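Asks: This is the structure I have questions about; it appears just below.
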Amino acid sequence: MKPLLLVLILCAALPALAQTQVRRAQVYRCGPEGRDLRDSPCPGGAAASSVDYDEPSAADSRAARERHLADSKRAAALASARRASEAEGRRVRATHIGLQPAVAPAQPASAPQVTHLNPPKTAKPRKPSGGASSAAR
């Protein structure tokens, strides 16, 4: 009976550990109507006030990162599908008006097209050619 009670207490306490923590920060409201918030005293000597904010737990931060990565993978897949659909639409429209579709070079579908640009060459400053001899001519 006691081990079951201990397990129930631990199960009830674990969600409380994963919750956000309320923190308090000291800020100074400066400027007109106190719209400029600073963490150091104002030049005019305004009094400090405290602001409560929530700091997410490590589990919440990790879950948010995982959701972000999953969303970005879904977005990349949707963008790829959209590009393929648009290319198919262009091909179909081209055949309807009698144009031959351009033959694309054989590349794997997963390889992105990368263009490498070389930086422009800069001209080296020329040295003046003997100032006295050119002036004498």
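Asks: Sum up the charges of everything whose Cβ sits under 13 Å from the Cβ of ALA47, counting Lys and Arg as +1 and Asp and Glu as -1, but leave ALA47 out.
Replies: Residues close to ALA47 contribute a combined charge of +2.
Asks: May I ask you to list the trypsin sites (Lys or Arg not before Pro) in the range 29-77 that are in a DSSP loop and have at most 13 other Cβ atoms within 10 Å of their Cβ?
Replies: ARG35
Asks: Is the shape of the range 19-87 best called rounded, prolate or oblate, per the rule: a/c under 1.5 gives rounded, else a/b larger than b/c gives prolate, else oblate, with a ≥ b ≥ c the square roots of the Cα gyration tensor eigenvalues?
Replies: It is oblate, given that a/c is not under 1.5 and a/b is not larger than b/c.
Asks: Moving to a separate point now. Label the range 56-99 by shape, choosing from rounded, prolate and oblate, from the square roots a ≥ b ≥ c of the eigenvalues of the Cα gyration tensor; if a/c is under 1.5 it is rounded, and otherwise prolate applies when a/b is larger than b/c, oblate when it is not. The partial results should precede the final answer.
Replies: Working: a/c = 10.92, a/b = 9.21, b/c = 1.19.
Prolate.
Rule-based calculations on the coordinates, nothing more; no lab input. In this text the structure is predicted, and so the values were computed from the model without any measurement. Glycine also receives a Cβ, built like all others from the backbone with ideal geometry; neighbour counts cover every protein chain displayed.
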